[in-house]
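The values are calculated or read from the model by the stated rules, or taken from the named source; none is laboratory data. Small disclaimer: the values here were computed from a predicted structure and weren't measured. We place every Cβ from the backbone using ideal geometry, glycine too, and count neighbours over all the protein chains shown. Keep in mind that these areas ignore ligands, DNA and RNA; they rest on the heavy atoms of the full protein, side chains included. Shrake-Rupley method; radii C 1.70, N 1.55, O 1.52, S 1.80 Å.
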Amino acid sequence: MGRRSEPGGGSTAHGEGDGGAGADDGARRDREVCGGRYTREGYALPPPVYGPAAYRDRSWAPELRAAACGTATVLAIMLTVDLAAHTLDPLRAACWTAIAVVLFAALFPVRVTAGADWLAVRGLLCEHRVRTDLLVLVHRSDGMAPRLVLRDVTGSRVELDPKTLTGNPVLWHLLDTGARLSRERGLLRSGGEVLRALGERIDGDGARRVFEASGLR
């Protein structure tokens, strides 16, 4: 009986050894390429979901129209001055048009879009995205053009104007929800005070608008 139990015990020990090896293999797989991108700190990075659930900056369209109208006005003025002076020719018209295109590119507003666990900032030529539930850094740079900088665990980075969040409470809510997950996972260790201050400002602005709408001061 004792000899029969020994093989069984050996088999159990062997099974435990295989289980440990399987766990090690699973841990290694967690750190391997996931969805075509390397993971860090053992986190699998599923791609964010895009589609109808996305929320866009509601001030982007008016800003785009203002940039287009401003550029068109400048171009019209330059062409009118040349036309009045009888100096307008195809070369000068092409030159003024090129200047107008450069001006429009400089005035083109970035478009901020967010969804569950992701945020994207799209300029005229390219788009940058971050996973808000995997943020590792939030930094605010003040100056003539304040910027909020976000970076996630994959190294992706975006910059946006804080006013975009204060003017779009839904965008702020989506970012704040993802940032809370990052803090719970122990990833976001720098920038929590920046988000806290921004949240207090947004809450204060919202309360003030409610008071003004209700006639209270």
Most packed first (mean Cβ within 10 Å per residue), the peptides 77-89, 181-193 order as 181-193, 77-89
The Rg/Rh figure for the range 85-180, Cα atoms and Kirkwood Rh, to two decimals is 1.20
Normalised Cα Rg of the range 63-123, dividing by 2.2 N^0.38 Å with N its residue count, works out at 1.58
Of the accessible area of the range 97-194, computed with a 1.4 Å probe and all protein chains kept, carbon and sulfur make up a percent value of 57 percent
